[in-house]
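> I have a structure I would like to understand better, so I am pasting it below and will then ask my questions one at a time.
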Amino acid sequence: MSIREILKERILVLDGAMGTMIQRHKLEEEDFRTPALKDHPHPLKGNNDLLSLSRPDIIKDIHAQYYAAGADICETNTFSGTTIAQADYHLEHIVYELNYQSAKIAREVADEFTAREPHKPRFVAGSIGPTNRTASLSPDVNDPGYRAVTYDDLVIAYKEQVKALIDGGVDILLVETIFDTLNAKAALFAIEEVFDEIGKQYPIMVSGTITDASGRTLSGQTTEAFLISVSHIPLLSVGLNCALGASALRPYLQVLAGKSEFNISAHPNAGLPNEMGQYDESPEFMSEQIEVFLKEGLINIIGGCCGTTPPHIKAIAEVAAKYKPRG
C-alpha cells in the first residue's frame, strides 16, 4: 500500500527529536571528524548532520529506537544539510555525500523493520530544514532592505539537497520548521524542478512553525496565510512543528484542519524549554495533550520535535492507535 492509502486508514506516527537523542551521547570534537576531515581547520563539534558520516552507528541506532517505539516515519539526519547551513563549518563540499548517506542509513533501518513487520511498513522522510538565513527579513536593523540570502541562492542549495536525499532512497520530502515561507517556497520550487528533471514525483510534507502566542511565523504570517502560501502544490500533508508544546499548538492546528484539503501533521515540542533549555513534559503528559486534538479529528500524522524521545513516541503511538485519522 502507498502512504496515501495507509493515511486513509490510520494516523501515522512520525519520529521524535534527533538532536535530543544525539545530546545524550555527550560527543566531543573527534566524534565529528571523519578521516577525510581530520585536518579540517575549523571546529566541527555540534554539526549533528555530520554524524551520518563520522558516527553512522549513532544515527542508525536512533532511527532504530524510534521505529521500535512505533514510528511509521523517520526523518533523515539532514536538518542542516544545505550548502547555506554547512557554510558555518566550511563544509559546503560534502553536502551531497552528507544527505545521500543520511538517507541511506535511514532507508536501511526502515527496510529492516518493514521486513520484520510487513503489516506496518516504515517510511523515510528527507528532512529539509529552513537554513539559518531568511529571505524575507533583514538581519541588520540598520539596513532593512538587506538580505543575507536570495531566493535563487536557496533554490540552488535546496536542489542539491533534494537530489541527494532522493538518490539515497527517501520515500517523502519534508520541508519543515518553516519560519519564513519565502524560504519554503524556494524549497518547493527546487523540489518541483528536481521532479521535472528526474521524471518522477515523491510525496511532499510541509510543516511550519509558529514562533509565539501571536500565532504567526517569524516572518509575520498567520497560520491561514501560511497555508495559502504553500497550497499551490498538491502536498501529502501540511502541518506545524517545533516552537510550541502540544496544547499551545492546538488552536493553529484547528485552523489548518478547518481550511486545508491536505492531510494535517503535527510534531510539537515536549512543552516549552525551561531556564536550562531542557524540555520537561513527560511522555504521559505529552500524549494526554496530543490526545485532545486526536479526539477532535484534527490529525493524520503525529510525532514529536524538540525534547521528545522514543518513550514519548511510544506513548503518542499508543494514543494515536485509538483514533481515526482526520477525514
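The values are calculated or read from the model by the stated rules, or taken from the named source; none is laboratory data. Note that the structure is predicted; figures quoted are calculated from it, not measured. Here Cβ is always computed from backbone atoms with ideal geometry, including for glycine, and neighbour counts include all displayed protein chains.
> Between a residue in the stretch 204-233 that is farther than 20 Å from Ser247 by Cα and any residue that is modelled with pLDDT under 95 and among the acidic types (Asp, Glu), which pairs come within a Cβ distance under 6 Å, given they are 6 or more apart or on different chains?
Ser219/Asp180
> Just the residues that are assigned to a helix (DSSP H, G or I), more than 17 Å from the chain's Cα centre (by Cα), among the β-branched types (Val, Ile, Thr) and within 25 Å of Glu296 (Cα to Cα), please, taken from the stretch 198-246.
The answer is Thr223, Ile228.
> For Gly271, which of the numbered conditions (1) crowded, with 24+ Cβ neighbours inside 10 Å; (2) assigned to a loop (DSSP other than H, G, I, E, B) fails to hold?
Unmet condition: (1).
> Further question: Output the qualifying pairs, or none if there are none: Cβ atoms under 8 angstrom, residues six or more apart or on different chains, first residue in the stretch 135-160 and among the aromatic types (Phe, Trp, Tyr), second residue modelled with pLDDT of 95 or more and assigned to a loop (DSSP other than H, G, I, E, B).
Close Cβ pairs (under 8 Å, with a partner that is modelled with pLDDT of 95 or more and assigned to a loop (DSSP other than H, G, I, E, B)) amount to Tyr158/Thr82.
> Identify, please: which residue in the stretch 8-29 is β-branched (Val, Ile, Thr) and crowded, with 20+ Cβ neighbours inside 10 Å and is, among those, farthest from Ala106 (Cα to Cα)?
Top of the filtered list is Ile11.
> Suppose the filter is touching a residue at least 24 places away in the same chain (Cβ under 8 Å), assigned to a helix (DSSP H, G or I) and under 17 Å from the mean Cα position of the chain (by Cα); does Ala125 pass it? Even if it seems obvious, please write down each step before you answer.
Values: touching a residue at least 24 places away in the same chain (Cβ under 8 Å): yes; assigned to a helix (DSSP H, G or I): no; under 17 Å from the mean Cα position of the chain (by Cα): yes.
The answer is no for Ala125.
> Return the residue satisfying two criteria in turn: it lies in the stretch 30-41 and is surrounded by 15 or more Cβ atoms within 10 Å (Cβ to Cβ) and among the hydrophobic types (A, V, I, L, M, F, W, C), and of such residues it is farthest from His267 (Cα to Cα).
The residue in question is Leu37.
> Within the stretch 214-227, is there a residue that is among the acidic types (Asp, Glu) and at pLDDT 95 or above?
Going residue by residue through the stretch 214-227, those that are among the acidic types (Asp, Glu) are 224.
Restricting the remaining residues to those that are at pLDDT 95 or above gives 224.
Checked the stretch 214-227: at least one residue is among the acidic types (Asp, Glu) and at pLDDT 95 or above.
> Read through the list (1) in a helix (DSSP H, G or I); (2) free of Cβ contacts under 8 Å to residues at least 60 places away in the same chain, then give the number of the only condition that Ala257 fails.
(2) is the only condition that Ala257 fails.
> Which members of the stretch 169-189 meet the condition of being among the aliphatic types (A, V, I, L, M) and either buried (at least 24 other Cβ atoms within 10 Å of the Cβ) or free of Cβ contacts under 8 Å to residues at least 24 places away in the same chain (or both)?
Answer for the stretch 169-189, where residues must be among the aliphatic types (A, V, I, L, M) and either buried (at least 24 other Cβ atoms within 10 Å of the Cβ) or free of Cβ contacts under 8 Å to residues at least 24 places away in the same chain (or both): Val170, Leu173, Leu174, Val175, Ile178, Ala184, Ala186, Ala187.
> Going by the structure shown, is Asp31 part of a helix (DSSP H, G or I) and either more than 20 Å from the chain's Cα centre (by Cα) or touching a residue at least 12 places away in the same chain (Cβ under 8 Å) (or both)?
Values: part of a helix (DSSP H, G or I): yes; either more than 20 Å from the chain's Cα centre (by Cα) or touching a residue at least 12 places away in the same chain (Cβ under 8 Å) (or both): yes.
The answer is yes for Asp31.
> Search the stretch 72-98 for residues being in contact with a Gly (Cβ under 7 Å, 6 or more places away or on another chain) and closer than 28 Å to Ala115 by Cβ, and hand back the single one that is surrounded by the fewest Cβ atoms within 10 Å (Cβ to Cβ).
Phe79
> So the check is Cβ under 7 Å with 6+ separation or different chains; which pairs have a first residue in the stretch 289-308 that's closer than 23 Å to Cys74 by Cβ and crowded, with 20+ Cβ neighbours inside 10 Å and a second one that's of a type in the set (Phe, Trp, Tyr) and modelled with pLDDT of 95 or more?
From the stretch 289-308, the pairs are Leu294/Tyr323.
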